[in-house]
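Trainee: Below you will find the structure I want to go over with you.
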């Protein structure tokens, strides 16, 4: 009996907690959608219009007509996919060396990597630009993609997770005569799938929403990303919140799709890990 | 053990430098290559030829780059049609236009200047002009015909006696009012003979209409403050430009009158009452009687307001004073000579040609900075507002912000101080004393 | 060949890409920024080989920074943010992770839902929260109003502005850390729970004696990352309050950005970032020392 009341108690606790969280998360999102459907005069009407009195799709029309939407979408997709790919390959290799090969000095380099996250990007903007200029990368996709090769936070994330993997597999594979690269590719990486999926989403989002760096590097209209294009909707004097929200919602769609796809990967990864653990 | 780590590091570093294709890791050398790497392939091939002395007839085809912020937010197509008109007249000049939103325009520009890849010509605002001119970034415009341009605007963009920029457009600030609210309150509409006291009376009558209805909104910030100070006969910097006069009695009286509207009569909403919303949004919702704002509001208000509104010259106090804002066009001093010549043609076309002026007016973008007001007559025919000629009347009492190199820092210090006064945290006098002290401490006037 | 040497040789190909990247995209810019911090360079001129010697001023920027009130007040504002953000963020992330881990109905939907704020750009998130927190037109205060109370003037009052920014930041970040912690929970070997059950441990007891220690490497990552991110707090402040009211939410990175790109004092801004760097580094080092006390690695 006692056990049963306890169970009911935890059930109530669960649904209560879940409900509160869902409200916290969805109310601002609802507001975003509702704002995007309002006309400009209705933005500041009193009493607040929870449901727009005269809903309109004008904001969305504006977003689609103001700039070459398909081109910007392609640029964003291309840059982002390359960026995510490079980040994952480079970071997972480094993490493998640091967490699993554990060479002398690994911790020193790891610490060096971590420290690099602590310098605010605002101050390295001009130095980075000068370096990119030296490599003649200005106005090329490569200028926006290449920094993916070193993402300290990605290495940090992967190292933390790889360290938690037991070394037994590694030793077993070594005894079987497998090379390090084979161990990295066929044993460690499959176990890392959930973390890599998390990393992929985070990186995808970072690259997709990145603004200042691509703005500074890419001046060619044909290379403009979606985030850059959306920002030209901002006038010198006036911010049109409804259009801005419509634009943000549109640019979120691809990220959400990617997330849902990555979700299935995470689940698979979890089952793989489960079999092994 | 340690030595091994170090040798590893050096090995990797050597490989890194080899791979990256440059013998030295020193980024300084970047600047020597910068001009040729700058723009596009066309540009590079052009620079290979000695194009310095080209005249129009024998001109080689050239591509120049142009960056601007003014077209963002809906006028990119307008700018493009101006370019089409220009390119028809000058088929040998191709202009690559880049439009960047205002918020990040100057960050981007500055980064490219530091990297040596700034565009050949670009847009500049009044606030940043002095800083850019003083650093030798801007080319002197010796070839441009400035005779048809508005002389006030032109004079705002000379530095050390030299013309570095052509004003491309201008805006003034006028008083916009909600006619319906004036009717409801049963009071007369504002006229050009009003003073700030008349505004206060009207604002109080409108405020009395309801809890959520306000009389006026004039943000207590640097931009409004230097103008109201001028309406009281004050100024921020002494006439010879040698010292700050931020805490003069005239300025204190001006700030007092601005703060009273918030704190004493509350005809103007406090920051809390605004709830973080924009002043235009408040006006558009029909709950604000008057708002001194720029003429760039006309299109937006026409679209968004479902009540009658009109404008009038902004009332002053001991004298009238109205804001004058202008954007200007400049040429990069680092550009090749040929690019400089082509860029001057392009910016002259944008700022003073009849074609560009017509396109600009037809699109309802903003006003070209021409001295001949007849050219602008088509502008007067558009309504609302009915009293559109007030825009030109306001030109009789223009006040320019002080043109100093540390402009942004000064305006931030003053904005910070006056907003403290607006929230009642300090008295107007204390606030301005503090601003005076900080400005003297942190800014050296030339 | 010794074993150590062999390991290093084996590691080189794996380390190479990221190491080159670090040299180019991190090390060199930082060296340049360091040199700039000792100059009075404006940043509004072409950078040449002469820039640094021509503008060299030694430690003048550092001295000015440390003697002006501004640096200390912005530091204080960031610390105020951290003190509120970390506990609240940790609590909500933990709740999210535990809710998801129950594998009840709807958890699949919730996994997507909780992550949507993370997927929003900072610009959009800050704008939404500016509305949500608006004292007159905002959702939060109208909900508080339903209970007959008057909500605070979130972003316009100097004591409430920072908590407002914290709420927005927690909203955006909790899904990220929540899902990350959830991943950590899933990785825990179920035999530990069975053992705890055999010992007759209650749910709360299990949480603190089994789950938390095994989760500690995950939590450690969250802590370090949120500290580093908190010190670099910027876009949300820029959009929601612009440092106001009356400078109450002025933070370090905002000042750095303003000095560099608005006041044209690149040298001063570089010195500012160096001081910020030193503070973050010190705190991280303390965390790394402390981790020996509470973080348990399996291997």
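The values are calculated or read from the model by the stated rules, or taken from the named source; none is laboratory data. Quantities reported herein were computed from a predicted structural model and do not represent experimental measurements. No Cβ is skipped: glycine too gets one built from the backbone with ideal geometry, and neighbour counts run over all protein chains shown.
Trainee: Please list, ordered by first then second residue, the pairs with beta carbon atoms under 9 Å, 6 or more apart or interchain, first in the range A:101-124 and at positive phi, second assigned to a helix (DSSP H, G or I) and surrounded by 21 or more Cβ atoms within 10 Å (Cβ to Cβ).
Mentor: Filtered contacts from the range A:101-124: A:102/C:11; A:105/B:8; A:105/C:8; A:105/C:11.
Trainee: Let me ask another. Scan the helices (runs of 4 or more DSSP H) fully inside the range C:59-151 and keep the ones with 2 or more residues being farther than 26 Å from residue A:36 by Cα.
Mentor: C:60-67, C:69-101, C:107-119
Trainee: Something else about it: Scan the range A:144-156 residue by residue and report those that are crowded, with 24+ Cβ neighbours inside 10 Å and assigned to a helix (DSSP H, G or I).
Mentor: The answer is A:144, A:148, A:154, A:155.
One line per residue, one yes/no per condition, for (1) in contact with a helix residue (DSSP H, G or I) (Cβ under 7 Å, 6 or more places away or on another chain); (2) on the phi > 0 side of the Ramachandran plot; (3) within 11 Å of another protein chain (Cβ to nearest Cβ):
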site	(1), (2), (3)
C:106	no, yes, yes
C:117	yes, no, yes
C:127	yes, no, yes
C:133	yes, no, yes
C:172	yes, no, yes
C:189	no, no, yes
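Trainee: Report whether or not residue C:263 is facing another protein chain (nearest Cβ under 8 Å), within 22 Å of residue B:109 (Cβ to Cβ) and in a loop (DSSP other than H, G, I, E, B).
Mentor: Yes: the conditions hold for residue C:263.
Trainee: Would you mind finding the one in B:377, B:397 that is surrounded by fewer than 21 Cβ atoms within 10 Å (Cβ to Cβ), without any contact (Cβ under 8 Å) to a residue 12 or more places away in the chain and more than 18 Å from the chain's Cα centre (by Cα)?
Mentor: Going through B:377, B:397 in turn, the sole match is B:377.
Trainee: Which condition from (1) within 17 Å of the chain's Cα centre (by Cα); (2) within 12 Å of chain A (Cβ to nearest Cβ); (3) crowded, with 24+ Cβ neighbours inside 10 Å is the one that residue B:107 breaks?
Mentor: Looking at each condition in turn, residue B:107 falls short on (3).
Trainee: Tell me the residue from B:239, B:303, B:272 that is without any contact (Cβ under 8 Å) to a residue 12 or more places away in the chain, farther than 21 Å from residue A:240 by Cα and within 14 Å of another protein chain (Cβ to nearest Cβ), please.
Mentor: On inspection, the qualifying residue turns out to be B:272.
Trainee: Do we have any residue at all in the range C:195-216 that's over 15 Å from the mean Cα position of the chain (by Cα) and within 8 Å of chain A (Cβ to nearest Cβ)?
Mentor: Yes: one or more hits.
Trainee: Give C:183, C:164 a once-over and let me know the one that is at pLDDT 85 or above and either crowded, with 20+ Cβ neighbours inside 10 Å or assigned to a helix (DSSP H, G or I) (or both).
Mentor: C:164
Trainee: Within the range B:60-70, restricting attention to residues that are in contact (Cβ under 8 Å) with a residue 60 or more places away in the chain and more than 12 Å from every other protein chain (Cβ to nearest Cβ), which residue is farthest from the chain's Cα centre (by Cα)?
Mentor: Taking the candidates together, the pick is B:60.
Trainee: Do we have any residue at all in the range A:160-169 that's within 30 Å of residue A:248 (Cβ to Cβ), within 11 Å of chain C (Cβ to nearest Cβ), modelled with pLDDT under 90 and buried (at least 22 other Cβ atoms within 10 Å of the Cβ)?
Mentor: No, that holds for no residue.
Trainee: Is it fair to say residue B:361 is outside any loop (DSSP other than H, G, I, E, B), farther than 30 Å from residue C:255 by Cβ and in the same structural domain as residue B:136 (by TED's automatic domain parsing)?
Mentor: Answer is yes for this residue.
Trainee: Pick out the one residue from A:143, A:92 that is under 30 Å from residue B:119 (Cβ atoms), more than 8 Å from chain C (Cβ to nearest Cβ) and under 20 Å from the mean Cα position of the chain (by Cα).
Mentor: A:143
Trainee: Of all residues being touching a strand residue (DSSP E or B) at 6+ places or on another chain (Cβ under 6 Å) and crowded, with 21+ Cβ neighbours inside 10 Å in the range B:71-82, which is farthest from the other protein chains (Cβ to nearest Cβ)? Just the residue, please.
Mentor: Applying the filter and picking the extreme gives B:71.
Trainee: Out of curiosity, is residue B:429 over 30 Å from residue C:269 (Cβ atoms), assigned by TED's automatic domain parsing to the domain that holds residue B:252 and either in a helix (DSSP H, G or I) or in contact with a strand residue (DSSP E or B) (Cβ under 6 Å, 6 or more places away or on another chain) (or both)?
Mentor: Criteria met by residue B:429.
Trainee: Shifting gears a bit: Could you check residue B:405 against (1) within 11 Å of chain C (Cβ to nearest Cβ); (2) assigned to a helix (DSSP H, G or I); (3) at pLDDT below 90 and say which number it fails?
Mentor: (2)
Trainee: Can you name every residue in the range C:234-256 that is surrounded by fewer than 23 Cβ atoms within 10 Å (Cβ to Cβ) and in a loop (DSSP other than H, G, I, E, B)?
Mentor: C:234, C:242, C:243, C:244, C:246, C:247, C:248, C:250
Trainee: Would you mind telling me which numbered condition in (1) within 14 Å of chain C (Cβ to nearest Cβ); (2) closer than 20 Å to residue A:39 by Cβ; (3) buried (at least 20 other Cβ atoms within 10 Å of the Cβ) residue B:278 fails?
Mentor: Residue B:278 satisfies every listed condition except (3).
This table checks each residue for (1) assigned to a loop (DSSP other than H, G, I, E, B); (2) closer than 30 Å to residue C:183 by Cα; (3) free of Cβ contacts under 8 Å to residues at least 60 places away in the same chain.
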| residue | (1), (2), (3) |
| --- | --- |
| C:206 | no, yes, yes |
| C:213 | no, yes, no |
| C:225 | no, yes, yes |
| C:259 | no, no, yes |
| C:274 | no, no, no |
| C:282 | no, yes, yes |
| C:285 | no, yes, yes |
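Trainee: Return the residue satisfying two criteria in turn: it lies in the range B:154-175 and is touching a helix residue (DSSP H, G or I) at 6+ places or on another chain (Cβ under 6 Å) and part of a strand (DSSP E or B), and of such residues it is nearest to residue B:129 (Cα to Cα).
Mentor: B:159
Trainee: Would you mind stating whether residue B:319 is in contact with a strand residue (DSSP E or B) (Cβ under 9 Å, 6 or more places away or on another chain), touching a residue at least 40 places away in the same chain (Cβ under 8 Å) and more than 14 Å from chain C (Cβ to nearest Cβ)?
Mentor: So residue B:319 does not fit the description; no.
Trainee: Looking at A:228, A:199, which one is in contact (Cβ under 8 Å) with a residue 12 or more places away in the chain, within 14 Å of chain B (Cβ to nearest Cβ) and either surrounded by 22 or more Cβ atoms within 10 Å (Cβ to Cβ) or touching a strand residue (DSSP E or B) at 6+ places or on another chain (Cβ under 6 Å) (or both)?
Mentor: Step by step, each of A:228, A:199 is checked, and only A:228 is in contact (Cβ under 8 Å) with a residue 12 or more places away in the chain, within 14 Å of chain B (Cβ to nearest Cβ) and either surrounded by 22 or more Cβ atoms within 10 Å (Cβ to Cβ) or touching a strand residue (DSSP E or B) at 6+ places or on another chain (Cβ under 6 Å) (or both).
Trainee: Does any residue in the range B:138-166 that is on the phi > 0 side of the Ramachandran plot come within less than 8 Å, Cβ to Cβ, of a residue that is at pLDDT 90 or above and buried (at least 16 other Cβ atoms within 10 Å of the Cβ) six or more places away or on a different chain, and which pairs are these?
Mentor: From the range B:138-166, the pairs are B:160/B:133.
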